[in-house]
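Student: I have a structure here, written as structure tokens, and I will follow up with some questions on it.
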């Protein structure tokens, strides 16, 4: 075989050397030659098994049926067989195509370290595929192409139509050979029809291997050093008696050239001329290729351009990758107008010289540019802008129907002629269309608190948000978030509506502040404590205890109106029905006085007291707020002390630094003014349902424990305030305090006891 036969072919897993002897009887036309096809598969004759269940003694027609011995079903990639690993077996079959007669042949595979030879063993359990070892009878001493006897087990084709077994293994060179010849005494046998299968295809040999490592393997097709092309003349004949059909020659017609494939192309190679021509009609190349050879395709020119257009290049017909016919491919030049970008100032103009603006074509691959002159700078008025002012022009119909508002700024400078500049700029402020609170509710306690909620999504366009409450000529901004704020909603608490104003409309407006400081007024909603009370009172499903609490709340507001002499002709109880009003009680129980400034003496002795309780009273400025007046030495600071409120067993510790709003500085007693300072401490943690129970105030210095106690323990209650002469001697005040305590008792019933 010719030297070009030695080329690397990426097929699968071995080095194969094939020496074949055929009387090359063509099937179609004279130039059609015998084809050799190498196929790779598993060693099963079933869809699932990886072992051979039919022995090598079966007929060749039987083996043709088994895809495991003559298929290309194994897939190879990067030196691996898909789905196969160490310990699995696979097969390499040598198929002869386009052949009508066959006499003798030898095939050989040189195997690598990743695989070892295997063959079929006949055991008591049946035919099994096994790994070859030197102890197996593998015909190691059989000479190459010796006379083959029927008993040798090397029959290629004989009267029983059997395939031969492995002839021998040369362990030293890692080569496995198979040798075959006609055993019938004829010069050749017909390969056109084998056991009734007429396809001119003959399974010449099937080699079995076992995978023993994960190493990747490549292989090539090669010839042996000795090339024999033989046909037998008689059964059992000797080598020198064989008839040569294809002489050993560099240019022998029977030479096999796989041309980088696993299948030999048996047609005589035609030659084709492939030409490539540029866009100007000049020949780039003209080359002759053998049929099927890889065609070298010149690269197309990169995009070019002139001032008006850029030009791209393509073949008039897509060139074929391999030679199949004479062909000429011509480059086509296509022009398109430039697509210029917006341009970049590459030379800035001055007041005396023009500038330059450079434009680039935006089409990929085109590097065309053009320039334009920029007129010299004419001195112009430079705007002096005011701050942005929100125009309050957003609209809101619903969460899905709304428009954002705008902000405007004005130039405050003078024009070159001395007149005022009237230039303005306006921009839209995103998010203002939805800037609005979502919910408004009321919490009933010692202070009646409005709870206002706003979805965080409505505040997402702003650096910060706050709520403005406006009622009865009063305006209060609240930016502190409530403790009830959630992951999706901000809550703001407002406790400044005094009971006499329960009937006043409260306008609630959301405000947003943008990153650049523009304060945007959002949409407003209006409600009142009175409207909330009546709406909830008359809502289906409202509990009776809550209805009673709401009625007493309204009477609390009405008594506060009388006490403050505020709109007494329009009391908040005026719209109660007779059934609703019947929930109101007028009873006045006997109040228990619990006031005791020395309820528990300081265990550290009177000398350790730095904080002295002087008085206890009730502050009725919009909410029920007990306050205790204390005095401390001027040598101390209010910041030195820790105080605790103890209510219903719950202890709340606090300092002036933490809650300065709980402390009000006042005047000390005249007798101690020179040595003491005085403060009111307000009890902001008392609930309405706790009005009739005692609560306690204690002072400490350093830490909250008995060793650091610096005061006696005060006991006091809201109900205690009702027992004092201040209340008894003021009819309006007494009526108000009595109603406050009724409201507190209703809250006890509502929450199910003192909490």
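The values are calculated or read from the model by the stated rules, or taken from the named source; none is laboratory data. Keep in mind the model is a prediction, meaning the values are calculated, not measured. In this analysis, Cβ positions are derived from the backbone assuming ideal geometry, glycine residues included, and neighbour counts consider all displayed protein chains.
Student: When you go through (1) loosely packed, with under 13 Cβ neighbours inside 10 Å; (2) part of a loop (DSSP other than H, G, I, E, B) one by one for residue 381, which number turns out not to apply?
Tutor: Failed condition: (1).
Student: Out of segment 366-416, which residues are in contact (Cβ under 8 Å) with a residue 60 or more places away in the chain and in the same structural domain as residue 455 (by TED's automatic domain parsing)?
Tutor: Scanning segment 366-416 gives 387, 388, 389, 390, 392, 394, 396, 405, 407.
Student: Next question. Give me the residue from segment 595-613 that is part of a strand (DSSP E or B) and surrounded by fewer than 16 Cβ atoms within 10 Å (Cβ to Cβ) and, out of that set, farthest from the chain's Cα centre (by Cα).
Tutor: The qualifying residue farthest from the chain's Cα centre (by Cα) is 598.
Student: Kindly indicate whether any position in segment 272-284 is free of Cβ contacts under 8 Å to residues at least 24 places away in the same chain and under 44 Å from the mean Cα position of the chain (by Cα).
Tutor: no
Student: Still on this model: Tally time: how many residues in segment 629-658 are loosely packed, with under 15 Cβ neighbours inside 10 Å and farther than 12 Å from residue 699 by Cβ?
Tutor: 12
Student: Can you confirm whether segment 544-558 contains a residue that is outside the structural domain of residue 462 (by TED's automatic domain parsing) and in a loop (DSSP other than H, G, I, E, B)?
Tutor: no
Student: Which is surrounded by 23 or more Cβ atoms within 10 Å (Cβ to Cβ) and outside the structural domain of residue 659 (by TED's automatic domain parsing), of 754, 737?
Tutor: 737
Yes/no matrix, rows are residues, columns are (1) outside any loop (DSSP other than H, G, I, E, B); (2) under 60 Å from the mean Cα position of the chain (by Cα):
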site	(1), (2)
571	no, no
580	yes, yes
586	no, no
639	yes, yes
651	yes, yes
674	no, no
678	yes, no
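Student: Take segment 407-426 and flag every residue that is assigned to a strand (DSSP E or B), surrounded by fewer than 17 Cβ atoms within 10 Å (Cβ to Cβ) and in contact with a strand residue (DSSP E or B) (Cβ under 6 Å, 6 or more places away or on another chain).
Tutor: Result: 408, 424, 425, 426.
Student: Just need a number here: residues in segment 738-755 that are in contact with a helix residue (DSSP H, G or I) (Cβ under 7 Å, 6 or more places away or on another chain), over 21 Å from residue 590 (Cβ atoms) and assigned to a loop (DSSP other than H, G, I, E, B).
Tutor: 1
Student: Can you tell me which residues in segment 660-672 are surrounded by 15 or more Cβ atoms within 10 Å (Cβ to Cβ), in contact (Cβ under 8 Å) with a residue 24 or more places away in the chain and either under 58 Å from the mean Cα position of the chain (by Cα) or not assigned by TED's automatic domain parsing to the domain that holds residue 619 (or both)?
Tutor: Result: 663, single match.
Student: Since residue 541 meets every condition but one in (1) in contact with a strand residue (DSSP E or B) (Cβ under 6 Å, 6 or more places away or on another chain); (2) part of a loop (DSSP other than H, G, I, E, B), which condition does it not meet?
Tutor: For residue 541, the failing item is (1).
Student: Next question. Just for segment 445-490: of the residues that are within 30 Å of residue 692 (Cβ to Cβ) and part of a strand (DSSP E or B), which one is modelled with the highest pLDDT?
Tutor: Going through the qualifying residues, I end up with 451.
Student: Has segment 566-573 got any residue that is surrounded by fewer than 19 Cβ atoms within 10 Å (Cβ to Cβ) and under 19 Å from residue 687 (Cα atoms)?
Tutor: Within segment 566-573, none of the residues are surrounded by fewer than 19 Cβ atoms within 10 Å (Cβ to Cβ) and under 19 Å from residue 687 (Cα atoms).
Student: If you check every pair at least six apart or on different chains, which have Cβ atoms under 6 Å apart with a residue in segment 294-317 that is under 26 Å from residue 271 (Cβ atoms) first and a residue that is part of a loop (DSSP other than H, G, I, E, B) second?
Tutor: Within 6 Å, the pairs are 295/323; 297/319.
Student: Among (1) within 30 Å of residue 369 (Cβ to Cβ); (2) at pLDDT below 50, there is one condition residue 311 misses while meeting the rest; what is its number?
Tutor: It is condition (2) that residue 311 fails.
Student: Counting only residues that are within 55 Å of the chain's Cα centre (by Cα) and either assigned to a strand (DSSP E or B) or not assigned by TED's automatic domain parsing to the domain that holds residue 691 (or both), how many does segment 614-637 have?
Tutor: 2
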